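In what follows, a structure is listed as structure tokens, so that the remarks can point back to it.
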Amino acid sequence: APRPPAPVTHAAPAQSEEQQLLDQGDNQFFQGKYLEAKAAYHAVLEKDNPKSERAIYGMAVVYANMRKPDLAEEYFEKALATAHDLRIVTWSHIYLGRLNDLNGKRDAALAQYHAALVTAAAYPMALVAAQSGMQTPFGSQPDDRK
């Protein structure tokens, strides 16, 4: 009797080196390992894809969390220039608004929050962040002296 055909197995597609580095960078960022995350994102930009929107955005949030606002702003601007992912666009506007608020540039901050609101509805946390930024400058303390 003929043997039945062997079952077809579908192996999970192998992740590209770029994808592995991006995932590694994201994981390290969320663990607070900013230098390691920066190295992973930088490797993607240097070796694999100099226009990787995820790596550019990753560099921006790393620099923001490392309190390097000039570099953060530079990378958020690059993210806006290259990104097609609306989540990255939305959050880049929010972060730029926050950086502007921290630098006392309220009008520029409001423009960024307004730009974020155009796409923020699809991302509940971003929507809250953009609305909050429109109402109160980021980093300001509520006035407890009443």
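Structural remarks
- Calculated [θ] (222 nm, deg cm²/dmol) that DSSP helices of n ≥ 4 give over the chain, each run adding -39,500 (n - 2.57): -20500 deg cm²/dmol
- Relative contact order, percent, the chain [alpha-carbon distance under 8 Å, six or more residues apart]: 14
- P(r) weight above 20 Å for the chain, C-alpha pairs, percent: 55
- Stretch gain in nm, segment MET134-GLN15, where the contour uses 0.36 nm per residue and the Cα spacing is subtracted: 38.8 nm
- Close Lys-Lys pairs in the chain, where close means Cα under 22 Å and separation is 8 or more or interchain: 12
- Largest GNM mean-square fluctuation across TYR123, TYR113, TYR63, computed for the chain with C-alpha springs under 10 Å, falls on TYR123.
Laboratory data are not the source of any read-out in this text; all were calculated from the coordinates shown. No experiment lies behind these values; they were computed from the predicted model shown.
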